[in-house]
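A.B. asks: Mind having a look at this structure? Questions to follow.
The values are calculated or read from the model by the stated rules, or taken from the named source; none is laboratory data. All of these numbers come straight from a predicted model, not from anything done at the bench. Here Cβ is always computed from backbone atoms with ideal geometry, including for glycine, and neighbour counts include all displayed protein chains.
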Amino acid sequence: MDKLESPASSRTRVFAKVALPIPADKLFTYEVPFELAGQISPGSRVEVPLGKRIMSGIAVELSSEAEAFETKSVLSVSGTYLPPELMRLTEWVASYYGCTFGEAAQSVLPPSFRRSASRRPARGAKQGYDSPLDALERDVLELTGAQRTALTSIEKGILSGAFNAFLLHGVTGSGKTEVYIRAARLALSRGGGCIVLVPEISLLPQAIARYRKHFQDELAVIHSRLTGAERRAIWESISDGTRRIVLGPRSALFSPVRDLRLVIVDEEQDDSYKQEEKPRYNARSVALMRGTFERLTVVLGSATPSAETYRHAGTGTYARLLLSKRIRDIPLPSVEIIDMRREDPETGIFSRLLLERLEACMRRGSQSLLFLNKRGHARFVQCRKCGWVPQCANCDITLTYHRVGAAMRCHYCGFAQPAVKQCPECGSPNISFSGFGTQRIELDLKGLFPGVRILRMDADTTRGKEGHRKILEQFGAGRHQVLLGTQMVTKGHHFPGVHLVGVLSAEEELNFPDFRSAERTFQQLVQVSGRAGREEQRGEVLVQTFIPEHTVFSHLKTHDYDGFMAEELAVRRKLNYPPFSRLVSALCAGGDRGVVSAVAAEWSKELRRLFREKQVDVLGPAPPLVARLKGRFREHILLKGSLSLREKTDALGGFARVAGEIKGGRAVELKWDVDPQSFY
């Protein structure tokens, strides 16, 4: 889509077809005023009127042919912000994930393009991290043989100028980051650029410190806690070539890096790469598609690859680069599985062995890390007399008690109410608090070990722009003996002082009704185990569970990822679940339970007719795990099988038709999720 030539005459009329961030799958035509005709090209951000609103959209194509109907005019233009390669990627995201081009563009573009925004460097991008090392210090780390082999393969891929996909499968502590950095330096030395993705903002502080040492001011950092003006300034510095390497979570993937040569997706298995709002894309999949379009090298890195990536590597679709040993041959930690069924109930949350090892660590000055993937104080509140349980006003879920703030909260919608001292149903003061979260663990630890310095890292303690960084810096400096946290602490962090890792309630994820529950549990436990003993002394890991006989724990104990995945893939093949099939989750939601049920039931019949002769199974409708969420009733339909673009379009068209025919059906919202990662 080339820029339209300037009109030969001032009387030549120019029209722009504009994609707007609304569900309407169509382009809107506007006349370009004469004074703007030379400033707009495909990819330009423009301001246009829509009804009584002023909206920002993307000019997709230009024409000098007038429409048969009267058109309004473009109000203003902000310049060309989507280069052709990102326009093409946006089109693919829209078509594959079932949204409009305008909706897809909202993830590609920074959140703010105010023309008055400053071009100053973004605040926070260089704060509080180590000063740069000189060129000699940068190469002080000697690569292992496995690292050199991996780097050589990646180098050949970069120099080939063709699309190449690699799985860098390295155990925790094997030096994957060093391979990333050297591969990125190679891309830059050839005049190109690089994008490095991390799954979560909590991993940025250490990543920034490492990459800043090597790339100084050429490094751009993008994340959700930057202001819109900061994001715009960074975007412009990337677009003009000032910054050639970009680091950040999934949205960094859409950066307009000049002469991009390499994309690195670290911790590629992580669910955080999947966006849960429109457009519901997976950054790992989009990275591979960008690599295909732009003939790039894409490196997917993990100690625990996803089943999909692992199988692609097994079939040769991706080249597998293996780092099977830790740096300096430091042994992987010992893993002990503790059967909590044999523990004395008097010990409470902690096994006796875990308490003994914690105390030993504190005595010798080592650090410990405790993992529990539930925040709050008590997960279940109940009246012992009448059985009353506090429920969320908006969701079919019980409230979690938070001691800090003395409130009961819903972790789905944020609803909160003051903690009760007596039952609102029968008036009894006999209220029990059962189950436990990170707040409760913190209090118990302080009671068991008076004076111990504990840091808690969860969604409640990391609010604010610098929340993650401050906690990680304090623990990394060795000023605290214990770091307690949710999944934020499990992966990517390098804490030399951590000798002991303790896992509480390790079967938590296994009890979730999801075909990926075993995979996620194993990945999470391997990742958190990898935080222990990353320096000279071998670390130890204690895993508490009530189901120690589960296959996850036998493979975890021997660090046998290949063995676990072989069993997992065998089960998936029998059940025809990914990676042996594709899934689409279709969730109908609305304020009227009867209307939602009627629409879902009728649409499912149409889907079965549509796919009667196709290899697509239609499962449902059925209520999801949380049948009412944020005040809306929900019905779930699952499509199992590969759908073409035409079939997706027909399915979505069928929903619109059914919803339009049922009274009140137009108020039913459809959440269409291709390759879903969650089913709640």
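A.B. asks: If a residue has to be over 12 Å from Lys630 (Cβ atoms) and either touching a residue at least 60 places away in the same chain (Cβ under 8 Å) or not small (Gly, Ala, Ser) (or both) to count, how many in region 387-410 make the cut?
C.D. replies: Going through region 387-410 one residue at a time, the tally reaches 13.
A.B. asks: Next question. For region 485-497, give me each residue that is within 21 Å of Glu267 (Cα to Cα) and crowded, with 16+ Cβ neighbours inside 10 Å.
C.D. replies: Matches in region 485-497: Gly485, Thr486, Gln487, Met488, Val489, Thr490, Lys491, Gly492, His493, Phe495.
A.B. asks: Out of the residues in region 25-80 that are in a loop (DSSP other than H, G, I, E, B) and closer than 20 Å to Ser107 by Cβ, which is modelled with the lowest pLDDT?
C.D. replies: Among those that are in a loop (DSSP other than H, G, I, E, B) and closer than 20 Å to Ser107 by Cβ, it is Asp25.
A.B. asks: Hey, among the residues in region 576-623 that are within 12 Å of Phe655 (Cα to Cα) and among the charged types (D, E, K, R), which one's surrounded by the fewest Cβ atoms within 10 Å (Cβ to Cβ)?
C.D. replies: If we take residues in region 576-623 being within 12 Å of Phe655 (Cα to Cα) and among the charged types (D, E, K, R), then Lys605 is surrounded by the fewest Cβ atoms within 10 Å (Cβ to Cβ).
A.B. asks: Residue check: is Val501 touching a helix residue (DSSP H, G or I) at 6+ places or on another chain (Cβ under 8 Å), hydrophobic (A, V, I, L, M, F, W, C), closer than 18 Å to Phe371 by Cα and touching a residue at least 24 places away in the same chain (Cβ under 8 Å)?
C.D. replies: Against the criterion (touching a helix residue (DSSP H, G or I) at 6+ places or on another chain (Cβ under 8 Å), hydrophobic (A, V, I, L, M, F, W, C), closer than 18 Å to Phe371 by Cα and touching a residue at least 24 places away in the same chain (Cβ under 8 Å)), Val501 qualifies.
A.B. asks: Can you tell me how many residues in region 264-318 are aromatic (Phe, Trp, Tyr) and surrounded by fewer than 24 Cβ atoms within 10 Å (Cβ to Cβ)?
C.D. replies: The total comes to 2.
A.B. asks: Give the residue, chosen from Ala184, Ala209, that is buried (at least 22 other Cβ atoms within 10 Å of the Cβ) and in a helix (DSSP H, G or I).
C.D. replies: Ala184
A.B. asks: Quickly run through region 378-402 and pick out the residues that are of a type outside the set (Gly, Ala, Ser) and more than 29 Å from the chain's Cα centre (by Cα).
C.D. replies: Answer for region 378-402, where residues must be of a type outside the set (Gly, Ala, Ser) and more than 29 Å from the chain's Cα centre (by Cα): Val381, Gln382, Cys383, Arg384, Lys385, Cys386, Trp388, Val389, Pro390.
A.B. asks: Here's something else I'd like to know. For region 629-645, enumerate the residues that are modelled with pLDDT under 90 and charged (D, E, K, R).
C.D. replies: Answer for region 629-645, where residues must be modelled with pLDDT under 90 and charged (D, E, K, R): just Lys630.
A.B. asks: To continue, here is another question. How many of the residues making up region 440-487 are in a strand (DSSP E or B) and hydroxyl-bearing (Ser, Thr, Tyr)?
C.D. replies: Residues meeting the conditions: 0.
A.B. asks: Scan region 420-430 and tell me whether some residue there is within 16 Å of Ile349 (Cβ to Cβ) and basic (Lys, Arg).
C.D. replies: No: region 420-430 contains no residue that is within 16 Å of Ile349 (Cβ to Cβ) and basic (Lys, Arg).
A.B. asks: Quick one: would you say Phe254 is more than 21 Å from Lys156 (Cα to Cα), of a type in the set (Phe, Trp, Tyr) and not assigned by TED's automatic domain parsing to the domain that holds Gln487?
C.D. replies: For Phe254, the condition - more than 21 Å from Lys156 (Cα to Cα), of a type in the set (Phe, Trp, Tyr) and not assigned by TED's automatic domain parsing to the domain that holds Gln487 - is met.
A.B. asks: Checking Phe564 against (1) assigned to a helix (DSSP H, G or I); (2) without any contact (Cβ under 8 Å) to a residue 12 or more places away in the chain; (3) within 30 Å of Pro624 (Cβ to Cβ), only one condition comes out false. Which one?
C.D. replies: In the conditions (1) assigned to a helix (DSSP H, G or I); (2) without any contact (Cβ under 8 Å) to a residue 12 or more places away in the chain; (3) within 30 Å of Pro624 (Cβ to Cβ), Phe564 misses (2) alone.
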